[in-house]
Amino acid sequence: TGVIMTVLVSEIYVYTSDHNYDYSIVFTICIIFLSFIGDTIVSLLKRHASIKDTGNIMPGHGGLLDRFDSFIMVFFIFGIFNFI
């Protein structure tokens, strides 16, 4: 569902904004890939530290960080990309 929502939101953004991205599918694939990498890195760090939950707000669900770990890498890379 994450991939489908990413494609849907990316296409809606391209068609409703003033931006004319000829490479919108490339950006979409990059977002999907970076989301996967961000989720994997946080999971590996948690496993290395022997931590199941990263907080007490959402116990049993991996903590609040697990709800946003996919965004971390995407925001980081695209944030750098926007400054270049």
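Do you know the relative contact order of the chain, to the nearest whole percent, from alpha carbon pairs under 8 angstrom that are 6+ apart?
Computed over the chain, the figure is 25 percent.
How long are the semi-axes of the equivalent ellipsoid of the chain, taking √(5λ) for every eigenvalue λ of the Cα gyration tensor, in whole Å from largest down?
They are 29, 14, 11 Å, listed from largest to smallest.
Helix-only estimate, please: 222 nm mean residue ellipticity of the chain, summing -39500 (n - 2.57) across DSSP H runs of length 4 or more and dividing by its residues, to the nearest 500.
-24000 deg cm²/dmol
What angle do you read, to the nearest 10 degrees and between 0 and 90, between the alpha-carbon axis of helix 24-48 and the longest principal axis of the chain?
Once rounded, the angle reads 10 degrees.
All of the numbers you see were taken from the coordinates with simple rules; none came from a lab. Quantities reported herein were computed from a predicted structural model and do not represent experimental measurements.
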